1. Could you give the accessible area per residue of the stretch 118-234, probe 1.4 Å, as a whole number in Å²?
2. Mind listing the long-range amide H neighbours of L330? Cut-off is under 5 Å, sequence gap 5 or more, other chains count too, H placed in the peptide plane at 1.01 Å from N.
3. Counting Lys and Arg as +1 and Asp and Glu as -1, what is the net charge of the other residues whose Cβ lies under 14 Å from the Cβ of D130?
4. Among K91/K145; K193/K251; K125/K285, which pairs are too far apart, with a Cα-Cα distance over 18 Å?
5. Take every Cα pair under 8 Å in the stretch 80-232 that's 6+ residues apart, average their separations, divide by the length, and report that relative contact order as a whole percent.
Amino acid sequence: MATPNVNFYDLTVATLRNYTSAVSDNVSQHNALYRRLKDKNRIRTVTGGTTITENLDYAENQTVQNYSGYDVLNVNPSQVLTAAEYYWRQKAVNITYSGEEVRKNMGEKTRILNLVESRINNAFKSAANDMNRALYGTGIDVNAKPDIGGLQLVIADVNTNMVGGIDGNIWPFWRNKVWNAATSEGSPVTLTKDNILSYMNKMWTSLTRGTDYPDFIVASPEMYNMYEESQQQIQRYMKSDEAKAGFETLKYKTADVFFDQTQGPTGQAIMPARHMYFINTDYLKLCEHPDARWTRSDERMSVNQDATVIPLFWMGQLVCSNRFMQGVMLG
């Protein structure tokens, strides 16, 4: 016997309540960087403002001095702090259904519930894939629209770029480290399993300040394979929690090494080829607005179609407070 008709919108809203962390979970299951930021509590809520302001500590205090007796102390002001300003970026995904689809599924709760869940799952999977692309991106999406600033912007191949309103061409403290096989050694270098460790060691040393060093390395498949082959004759370590999450993990010193070969909608690789990013996640945050964390809006009826849309909105930005402690190797 058929059950009474179930309102598609009400059922969708009720189902969405059980999916509050679905996008976050989907992204963390497919993107090692997002998972690391999530595990280290580096996903933050920012309540508003025209821009997201991130304070930077970029210079030493110039009043430090030795003195004795009545020596005059240096009380001149020191400019030691500045701020990077990041623009908010917005994303949306829509759960859509036509009047025809709803009417065909009326009367059978299981049938309409399956329709609701399939549309929600598709929307969340699409949103997660887009976030995955953005985290490795350049700050511009495939449609040439501004996007969140991903690794290719924050840890750029050409490190004199503009990030957070600060021009790396003018301010050396705002340049990430770059090692390029084509130029950094004076003449081109061919990376192999036999020499990759030597160049990784150089990058690591340049990014180490006492106990402050990279905790996370993410590589394109060919760079990861070279590193893995260099480790074949010695003991390798894999963090059990990362392995359970489905990520293959190697260790380099104290950092976890991952690879990503996720593909975009047209089959292109998300991670740029022959790249290895050395990341200190203490200086990265993914900021989100509390009212737009893939948050549902009211349903909207089309004015010229027999169709309804339920939009989900996200607003935030990936911010960096210290580019100097980030690096990239180009193979």
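The values are calculated or read from the model by the stated rules, or taken from the named source; none is laboratory data. Because the structure is predicted, anything quoted here is derived from the model rather than measured. Glycine gets a Cβ as well: all are built from the backbone with ideal geometry, and neighbour counts include every protein chain shown. Only protein heavy atoms, including side chains, enter the accessible area calculation; ligands, DNA and RNA are left aside. Shrake-Rupley method; radii C 1.70, N 1.55, O 1.52, S 1.80 Å.
1. 47 Å²
2. Sorted by chain and number, the residues that satisfy this are W179, N180, A181.
3. Once all neighbours under 14 Å are counted, the net charge is +3.
4. Among K91/K145; K193/K251; K125/K285, the Cα-Cα distance tops 18 Å for K125/K285.
5. 15 percent.
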